[in-house]
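Here is the structure we will look at.
The values are calculated or read from the model by the stated rules, or taken from the named source; none is laboratory data. Quantities reported herein were computed from a predicted structural model and do not represent experimental measurements. Positions of Cβ are generated from backbone atoms using ideal geometry, with glycine treated the same way; all protein chains shown enter the neighbour counts. Just so you know, the surface numbers come from the protein's heavy atoms only, side chains and all, with ligands and any DNA or RNA stripped out. Shrake-Rupley method; radii C 1.70, N 1.55, O 1.52, S 1.80 Å.
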Amino acid sequence: GGLALPTNMITGFLKPMHDTAQARIHSASWGSNTASYTYTSYQFDLFVYENPNHLVLIAAGNSGRNGLGSVGSPATFKNGLAVGASCSPDTNENGSPQFSSLGPTADGRLKPDIMAPGVSINSASAGPSGSSQKCA
């Protein structure tokens, strides 16, 4: 099992999404357990460099329990935003939850670039026909 990515992320994934679907924002929540700048990181950087009107956000990862340097590629890229999880106001935790991956990258860059709520998130859900589902 596991996620199978195209060898060439630009031609196999990003370019069709950009050109055919006309998407200008891409958000991904997958990655690896290496804080290195990988070929996949490079491909995301190259794509954003060649398409400056496209914003890419990638989750920093879920390896925060491993401590500093746990940010995962491709969130180690340079031309987009690596997103870490923050605690919601209604939790008893402050700052970043234990699972959210931390920088720095293997080459010393600070990551994540931005934080967003990642704990105790409420969302509407579909219910049976004629019913109402509300956020708590």
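A few points about this structure:
- Residue in the range 28-63 that is nearest to MET115 (Cα to Cα), counting only those that are among the small types (Gly, Ala, Ser) and open to solvent by 10 Å² or more (accessible area, probe 1.4 Å): ALA59
- Some residue of the range 15-23 being hydroxyl-bearing (Ser, Thr, Tyr), open to solvent by 50 Å² or more (accessible area, probe 1.4 Å) and touching a Leu at 6+ places or on another chain (Cβ under 9 Å): no
- On inspection, SER100 qualifies as at pLDDT below 95, part of a loop (DSSP other than H, G, I, E, B), crowded, with 19+ Cβ neighbours inside 10 Å and out of contact with any Cys (no Cβ under 8 Å at 6 or more places or on another chain).
- Subset of the range 104-118 [more than 21 Å from LEU55 (Cα to Cα) and in contact (Cβ under 8 Å) with a residue 24 or more places away in the chain]: PRO104, ALA106, ASP107
- Scoring ALA106 on the criteria (1) more than 18 Å from ILE25 (Cβ to Cβ); (2) open to solvent by less than 10 Å² (accessible area, probe 1.4 Å); (3) more than 10 Å from the chain's Cα centre (by Cα) leaves a single failure, condition (2).
- Here SER86, SER70 are screened, and the one residue that is crowded, with 18+ Cβ neighbours inside 10 Å and modelled with pLDDT under 95 is SER86.
- Matching residues, the range 12-52, being of a type in the set (A, V, I, L, M, F, W, C) and either at pLDDT below 95 or part of a helix (DSSP H, G or I) (or both): PHE13, LEU14, MET17, ALA21, ALA23, ALA28, TRP30, PHE44, LEU46, PHE47, VAL48
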